[in-house]
Amino acid sequence: MSSFYLILALVFSLIIAIMAIANTEPVTVNYIFGQANISLIILILGSAFAGALVMGLISLFRSIRAALAFRQLRHEKETLQKQLKELEEEKIFLQAELNKALSVPGEIETEAQQVDQEKEEEAGVEESDEEVDEEPS
């Protein structure tokens, strides 16, 4: 695709050069603060050069913006890959813990009983608090 644009640019350059060579008579150019007599060939080639320069600067600006966006996306990708690696390591650790816990069923029951006892104690504390609140009334 880039070779197509190169060929197209060369064709337009050739057309501009032919037009410039065919128009060599001097012309008067009126500026805001004055006027000048210059050859039409210089005016045509200067205008073409100015247009190419403007397009080059616009292209440069877009390239810089694309490079900055690419850098940001690459940094984001590295961050996400690091998070993925950490999560995979955590998954392996948790699977190992699960396998260890499943291999010793007595410990699971003991831990479950401890959790149940803690819940009963908390419920008992809440009931006694309610009873204390009701007595002074």
* Structure fact -> The alpha-carbon center of the range 1-26 and that of the range 73-91 are separated, in whole Å, by 52 Å
* Amide H to amide H, which residues 5 or more places from Ser39 or on other chains are under 5 Å from it, using H placed in the peptide plane? -> Val27
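For the range 2-132, what does the convex hull of the Cα positions come to per residue, in cubic angstrom? All intermediate terms of the calculation are to be shown ahead of the outcome.
Numbers: hull volume 30.9 nm³, N = 131.
Measuring per residue, one finds 236 Å³ for the Cα hull of the range 2-132.
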* To do: Please give the net charge around Lys91, taking every other residue with its beta carbon less than 13 angstrom from that of Lys91, where Lys and Arg add +1 and Asp and Glu add -1.
  => -4
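In percent, how large is the relative contact order of the range 2-132, given Cα pairs closer than 8 Å and 6 or more residues apart? Write out the running numbers ahead of the final one.
Working: 38 pairs, mean separation 14.8, N = 131.
With pairs under 8 Å counted, the relative contact order is 11 percent.
Read-outs: derived from the displayed coordinates by stated rules, not from any lab. None of these values were measured; they are calculated from a predicted model. When we count neighbours, we look across all protein chains shown, and the Cβ atoms used for this are built from the backbone with ideal geometry, even at glycine.
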